[in-house]
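What follows is a set of notes on a single structure, which appears directly below.
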Amino acid sequence: MSTAAHVVVVGAGVTGLLTAVACARAGHRVTVLERGPLPNPDATSHDQHRALRTLLPGDPDGTARRLAAHRHWEDLETLFGTPLHRRVGTLTAHPAERVDALLAEAAGAGVPVDLPAPDALPPLGLPPGTVGVRERTGGVLLADRVLRAAARWLTARPGVALRPHSTVRSVFTGSGRIVLDTGEVLRGDLALLAGGPWTRRLADSPVTLYRQTMLYLGRPDGAVVGGSGPGDSGSSPGGDRWDDAPAAGGLGRAGRGWVLPPGAGTLLKLSSDTVCRPVADTDSRGEDQQPYLDRLAAEGVLPDLERYPVAGVRVCHYTADTATGGPLLTRVSPGLWTRAACGGSGFSTAPLVAERIAEAVKEEA
């Protein structure tokens, strides 16, 4: 392989686009194939926001990887010239008896944390016996903004071909040859299959398909939005305390619920792992969502949920490693890789996948 390789990326979600960015920055020619428009509103990555957290208790290597991903996001903000990250922090409920050890672990890893007073936060359903620990450098990635910014940057980059409405019919895993529905055949020096749930039909991979129901909410009824400056908690009389509120997880009766705060044009988003279920395919048209919405309400993720006007309900699909339930990056054969992304963690760690694929191109040279 010559120094300048040809990289083919299937799927223009966050992993595909950021991989294209990393490879283009390394001087390679890149072709991005997307079955729909670009960005695609049906893509797994397409959403208003995703959580960004770094501390993985008991997993120092995982924490180090998340810290590296965080640095990549800061670099991408500079590269794209637009804010991608609301630095409002990420709060997670932990058992009170483990908090001291957790604080020591965070300090050792270089992750700044604090214990915000409950009256500085909106009402959150922390399980009994838990304490909210906030990562001060965490927060919310503006997902749709990330996709648009990456696509804009790639459009202006010489040597990059963005090809929307290009559906891949098959991939020959031995040779990496890619065949489109039109019959056109492409062959790059390296190919990454990052088409979300649809990647399963292109290459055999040990992943499970999941479906999750998410609830989008407006501000609480009767609330008056507080100040929007950094450090203004919105807790003035009549305020709802969501201004600059952190993303929050470990909530609800099962400790598996989470909320992403409103801000920068986004709604408040709520869901729980308790409404995540394995499915056979991505067709959810005949599925009644009400039982899952009822389960979300019963979880108590937001104690005063009835005060929040419902702005929308969305069903999303993603694939995850069958063995671990997390993201999976697999080298199928020389020159062919697949990526199964798992929810928010798959989005926030996408820059690490991009870096690994750029390294793989160099290794194949």
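Helix-only mean residue ellipticity at 222 nm, the chain, DSSP H runs n ≥ 4 weighted -39,500 (n - 2.57), per residue, nearest 500. What is it?
On the way: 7 runs with 88 residues, N = 365.
Roughly -7500 deg cm²/dmol at 222 nm, from the helical runs in the chain.
Report, to the nearest whole %, how much of the accessible area of the chain belongs to carbon and sulfur atoms, 1.4 Å probe, protein only. Write down the numbers at each step before the final one.
Numbers: 7970 of 15360 Å².
That fraction is 52 percent.
Of L115, L186, A360, which is farthest towards the positive pole of region 6-364's charge dipole, taken about the Cα centre with +1 and -1 on the beta-carbons of Lys, Arg and Asp, Glu respectively?
Looking along the dipole axis, the top candidate is L186.
Just how much of T167 is accessible, in Å², when a 1.4 Å probe is used and the result is rounded to the nearest 10?
About 40 Å², rounded to the nearest 10.
Could you go through region 319-336 in sequence order and give the Karplus-derived ³J(HN,Hα) for each residue, using 6.51 cos²θ - 1.76 cosθ + 1.60 with θ = phi - 60°, rounded to whole Hz, and x for Gly and Pro?
Result, rounded to whole Hz: 10, 9, 4, 4, 6, 10, x, x, x, 9, 10, 10, 8, 6, 7, x, x, 9.
How far, in degrees from 0 to 90, does helix 143-155 lean away from the longest principal axis of the Cα atoms of the chain, to the nearest 10?
Once rounded, the angle reads 30 degrees.
Quick one: work out the % antiparallel among DSSP beta bridges in region 6-364, nearest 5. Provide the component values of the computation, followed by the final result.
Values: 49 of 68 bridges.
For region 6-364, the DSSP antiparallel bridge percentage is about 70.
Accessible area per residue for region 121-161 in Å², computed with a 1.4 Å probe and the full protein assembly in place, what is it? Provide the component values of the computation, followed by the final result.
Details: 1630 Å² over 41 residues.
Spelled out: the 1.4 Å probe surface of region 121-161, per residue, equals 40 Å².
Once phi is turned into ³J(HN,Hα) by the Karplus curve 6.51 cos²θ - 1.76 cosθ + 1.60 with θ = phi - 60°, what whole-Hz value does each residue of region 36-53 show in order, with x for glycine and proline?
These are the phi-based 3J(HN,Hα) values: x, x, 9, x, 9, x, 8, 5, 4, 6, 6, 6, 6, 7, 9, 6, 10, 9 Hz.
Note down the magnitude of the dipole of region 252-332 about its Cα centre, charges +1 on Lys and Arg C-beta and -1 on Asp and Glu C-beta and zero elsewhere, to the nearest 20 debye. Don't skip to the answer; put the middle values down first.
On the way: 9 positive and 10 negative charges, 48 e Å.
That gives region 252-332 a dipole magnitude of about 220 debye.
Hey, if you put +1 on the Cβ of every Lys and Arg and -1 on every Asp and Glu Cβ in the chain, which of A161, G81, T44 ends up farthest toward the positive end of that dipole?
A161
Note the full-extension length gain between H165 and A297 as 0.36 nm times their separation in residues minus their Cα-Cα distance, in nm to one decimal. Walk me through the intermediate numbers first.
Details: separation 132, 0.36 × 132 = 47.52 nm, distance 3.86 nm.
Going from the current span to full extension adds 43.7 nm.
Under 5 Å between amide hydrogens, which residues at least 5 positions from V113 or on another chain qualify, with H placed 1.01 Å from N in the peptide plane?
R136
Quick check: Cα centre of region 48-124 to Cα centre of region 1-23, how many Å?
28 Å
Just to be sure I understand the model, the point goes 7 Å from the Cα along the line to the Cβ. What's the resulting E287 to R25 distance in nm?
3.6 nm
Sorted by accessible area with a 1.4 angstrom probe, largest first, how do K362, K269 fall?
Working: K362 155, K269 5 Å².
Highest to lowest solvent-accessible surface, that is K362, K269.
With +1 on the Cβ of every Lys and Arg and -1 on the Cβ of every Asp and Glu, and nothing else charged, how large is the dipole of the chain about its Cα centre, in debye rounded to the nearest 20?
Numbers: 38 positive and 38 negative charges, 197 e Å.
Dipole size: approximately 940 debye.
Dipole of the chain (Lys/Arg Cβ +1, Asp/Glu Cβ -1, origin at the Cα centre): which of A69, V14, G257 lies farthest to the positive side?
Result: V14, furthest along the dipole toward the positive end.
The values are calculated or read from the model by the stated rules, or taken from the named source; none is laboratory data. As the structure is a computational prediction, the values presented were derived from the model and not from experiment. As a convention, Cβ positions derive from the backbone with ideal geometry for all residues, glycine included, and neighbour counts pool all protein chains shown. Accessible surface areas use protein heavy atoms only, side chains included; no ligands, DNA or RNA. Shrake-Rupley method; radii C 1.70, N 1.55, O 1.52, S 1.80 Å.
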